[in-house]
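Structure, as structure tokens:
Just so it is clear, none of the values below were taken in a lab; they were calculated from the coordinates. Just so you know, these numbers come straight off a predicted model, no measurement behind them. Don't worry about glycine lacking a Cβ; one is built from the backbone with ideal geometry, like all the others, and counts go over all protein chains shown.
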Amino acid sequence: MAVFTACLMHDFEHPGYSNQFVIRTKHPLAIRYSDQSVLENHHLAAAFQVMFSTPKCNIIENMPLDLQKETRSLIIESVLNTDISKHFGLITELKTKLGNNFPTDSMEDRILILSVSLRVADNFKMVRERSTFFKWMENMFDEFFKQGDMEKVLELPISKFMDRENTNKEKAFSNYINVVCKPLFVTYLILVNDTEISD
């Protein structure tokens, strides 16, 4: 396990492992962020480190201090909400609020809209042209199977859709589109008053 952790740390700019995996393997980043949205916390910390320490990278430095604080908070909360474990809670919250004097100018509503918008942007590859879509799908499963292989080596339970010997990629992706993406896009189109919503 120690050798694995050392290798993983060396490769951590883009490891291709899920939050659940780095938590189960007690990766140093999981320890640092107390098992809470580990990768999202890591990305935020790395981004703000660059932003605050590199000349001409601080995009908020000329804002009043109270606006800097508010902007940083919006960024942090929105990125933390990209953790897939928060996906269904976000969609439920948005569906509940739609049509009820929403959105207001509250920080809560702004964070919700930004969070859902980021989820839409992250999943927009689903509606790209076929060549882009299938290339992305293959890359995603390369990462999934890399994790599944490592779970086998470490004698851990293999995560869903990550066993290269027993995963039907087309079925898995169809499930992801219908369960995760379609409800997200339909709800977002309602939010932005798009008139082309269809089943």
Q) So what is the relative contact order for segment 139-199, in percent, with contacts set as C-alpha pairs under 8 Å and at least six apart? A) 21
Q.
I need the phi-derived Karplus couplings for segment 186-191: 6.51 cos²θ - 1.76 cosθ + 1.60, θ = phi - 60°, integer Hz, Gly and Pro marked x.
A. 4, 5, 5, 5, 5, 4
Q. What does the convex hull of the Cα atoms of the chain come to per residue, in Å³, rounded to a whole number?
A. 164
Q. In sequence order, what are the phi-derived ³J(HN,Hα) couplings for segment 121-137 according to the Karplus relation 6.51 cos²θ - 1.76 cosθ + 1.60 with θ = phi - 60°, rounded to whole Hz, with x for glycine and proline?
A. 4, 5, 9, 5, 4, 5, 10, 7, 4, 4, 4, 5, 4, 5, 5, 5, 4
Q) Can you work out ³J(HN,Hα) from phi for every residue in segment 77-93, in order, using Karplus 6.51 cos²θ - 1.76 cosθ + 1.60 and θ = phi - 60°, giving whole Hz and x for Gly and Pro? A) 5, 5, 6, 4, 6, 7, 4, 4, 5, 9, 4, 5, x, 5, 5, 4, 4
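Take each of the peptides 61-67, 151-157, 27-33, average the number of other beta-carbon atoms within 10 Å over its residues, and list them starting from the highest.
Details: 61-67: 9.7, 151-157: 11.9, 27-33: 16.9.
Packing order, densest peptide first, comes out as 27-33, 151-157, 61-67.
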Q: Please work out the FRET efficiency for the pair THR104 and LEU156, using the Cβ-Cβ distance as r and a Förster radius of 41 Å; give the result to the nearest 0.05.
A: 0.35
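How large is the dipole of segment 57-173 about the Cα centre if only Lys and Arg carry +1 and Asp and Glu carry -1, each at its Cβ, rounded to the nearest 20 debye?
Numbers: 17 positive and 20 negative charges, 84 e Å.
For segment 57-173, the charge dipole is close to 400 debye.
Say R0 is 22 Å: what FRET efficiency, to the nearest 0.05, do LEU189 and GLU138 get from their beta-carbon distance?
Numbers: r = 28 Å, r/R0 = 1.28.
Efficiency computed from Cβ-Cβ geometry: 0.20.
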